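To keep things clear, I will list the structure first and then write my remarks on it.
No value in this document is a laboratory result; all are computed from the given coordinates. Since this is a predicted model, take the numbers as computed values, not measurements. Reconstructed Cβ throughout: ideal geometry from the backbone, glycine too, with neighbour counts over all protein chains shown.
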Ligand code: UDP
Ligand code: MN
């Protein structure tokens, strides 16, 4: 049977959340043997996400983990100041380890773990590429880091360096969307997690170092020559007219879920 792809997605309430999760869930519907682990950044599970998941047709697990207040970006803070989605990804890992250890049977450790932010754009081909991951597989990410793309550079089938816009000497100068890890490796390293205190640009490295070396990385997507995932970011919708109408008591009906 196909190895299951466990996709861990942090998500938080904002005007575009339902649109993001709708697009993502409908991509995942096209991927066989996918288990979606959705971790809300909220004090409890919200009705919007609960309902969306229930109607999604996907195999899923719904979790929540509120980001500590001092770790959260404030309105107007530059986005590089603090990493986002850290505690949610770690909660997803915690659930996965606990759930898999509780399963008996030969297939329960077969699988792949991928961290998919809710606003990126994913090609279906990406999931076929990552399904054969033995330790850690890698590929290019489009529209990221102030570059058209970032990617591992492959020579003789091995990753020898990284084409990135900034600090290529980092242990693993890769975006979250640019790698997947085998479930076996995640289970064999129960302490591996994301360090929210890691200096800027080192969040991915904080998880990957200790798991693999650069030499062991498995290049996918035609030796990392194809872009199959894009670090897209959704513009925050302007509510100027909504706010103006609201002030006159003519705002949109709050009972209509957007
Ligand atoms: N996220 C979250 N809580 C937050 C901000 C972001 O859970 O307060 C999630 C978000 O939904 C996404 C991931 O963390 O899945 C990365 O956030 P974002 O896309 O804003 O980061 P960027 O694209 O700027 O790196
Ligand atoms: Mn994003």
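If R0 equals 22 Å, the separation of the Cβ atoms of residue 2 and residue 98 corresponds to a calculated FRET efficiency of about 0.40. Computing FRET efficiency as 1/(1 + (r/R0)^6) for residue 252 and residue 158, where r is the C-beta to C-beta distance and R0 is 51 Å, gives about 0.40. Between the range 207-258 and the range 8-71, how many Å separate their Cα centres? Here the answer is 12 Å between Cα centres.
Computed from the alpha carbon atoms alone, the convex hull of the chain holds 142 Å³ per residue.
Listed highest first by mean packing, meaning other Cβ atoms within 10 Å per residue, what order do 67-77, 193-203 come in?
Working: 67-77: 10.1, 193-203: 15.6.
Ranking the peptides 67-77, 193-203 by packing returns 193-203, 67-77.
With axes computed from alpha carbons, what is the tilt in degrees of helix 17-28 against the longest principal axis of the chain, rounded to the nearest 10 within 0 to 90? Between helix and principal axis, roughly 40 degrees. Using a simple spin-label model with pseudo-atoms 7 Å out from Cα toward Cβ, residue 44 and residue 242 lie 2.5 nm apart.
Between residue 61 and residue 191, what length in nm is gained on full extension when 0.36 nm per residue of separation is reduced by their alpha carbon distance? Please list the in-between numbers first.
On the way: separation 130, 0.36 × 130 = 46.80 nm, distance 2.16 nm.
Residue separation times 0.36 nm, minus the Cα-Cα distance, leaves 44.6 nm.
Classify the range 47-175: rounded, prolate or oblate, from the alpha-carbon gyration tensor (a ≥ b ≥ c, eigenvalue square roots; a/c under 1.5 rounded; otherwise prolate if a/b is larger than b/c)? It comes out oblate by the Cα gyration axes.
The long axis of helix 86-102 is offset from the longest Cα principal axis of the chain by roughly 60 degrees.
Using the beta-carbon distance between residue 213 and residue 22 and R0 = 41 Å, what value does 1/(1 + (r/R0)^6) give for FRET efficiency, to the nearest 0.05?
Efficiency at R0 = 41 Å is approximately 0.55.
Using C-alpha pairs under 8 Å with a sequence gap of at least 6, the mean separation divided by the residue count of the chain gives a relative contact order of 22 percent.
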